[in-house]
């Protein structure tokens, strides 16, 4: 009987390795498929390409003199032609600061001459005899803190007559995830602290190189890093669900990040005033706030976390943000009206045939520029700037 059992069992033994091989092969193919899917859906890391370089102050910034088929930067990393040495010393310069909504969409987006800065320059130029130059100091992925720090550097070389900071009440602007507590520079490469702390010093350079390479080339790895949250300081979900609706409504220690953002704005405002220039905050709503349906869905999804309370009106974030800016002495212009008018036709007014929910198409940028030009007209800012610059031409 024993021999009979052994004989009957022996044919089944070779099947086990085949099952294991099939399982392993299935897992490998599944990972490859997931990798490809994530690459399509998630795309490359926003700071992991040649457009961006690492920066000690803001962790990344635009590279100088970058060129590709869509865009170009000057020697200061701004998306516009370089400042000519023979420019009129009385020309009016407007420096715009913020994230990619200032810089403009990257691939499949408007070209340099189709940004809202280019259209605004065309709108304002004929209204000032000295000429107007609108400079694009936006950087993709920047928080308000980073944009202000970047502005402190640019105002020294640009000598603007006006600084315009784009700001929204959402977490991507007001919650800064770029702090050095989340990342370290290792041989010029930005590496999350959890990697730095877990790898022996002797292997750190190789680990940093591997991390950067995988972040650029592996959608699966990039997705994993986003899940663990270390690429943005562990507060990715916080940023996605937070909306500022007033100081009294702040929950879950959000006041730390909000206060930090407004301190950065105050610092930049003081520096601009010291240069005898002017400062304006251009206030946009984040895309869930541009219509009632999207806003209601956003509130329902985040009401139990760090999002707005149930019943919060769609206008409250804009009103609360402008009120706080007013308290620190910063003039603000709301663009919510324009956003509401164009939100129903994404194909026409938004980049990449309407599939981009944040960045404007060339036509959208034209309308944005027209709206800003009307704000200039109402405020009387342009004649005041001309008068001040005539008294103190650049050297």
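Please treat every number below as a calculation from the coordinates, not as lab data. Being a predicted model, the structure only gives us computed values, none of them experimental. Quick reminder, even Gly has a Cβ in these numbers, built from the backbone with ideal geometry, and neighbours come from all protein chains shown.
Extension gain, residue 378-residue 153: 0.36 nm per intervening residue step, less the Cα-Cα distance, totals 78.0 nm. Grab the beta carbon distance between residue 390 and residue 251, set R0 = 56 Å, and tell me the FRET efficiency rounded to 0.05. Once rounded, the FRET efficiency stands at 0.65. Once the chain from residue 273 to residue 85 is taken as fully extended at 0.36 nm per residue, the excess over their C-alpha distance is 65.2 nm. Short to long, the 5 Å bins of the Cα pair-distance histogram for the range 266-395 hold 2, 9, 15, 16, 17, 16, 12, 8, 4, 2, 1, 0 percent of all pairs. Convex hull volume of the Cα atoms of the range 67-139, normalised per residue: 85 Å³.
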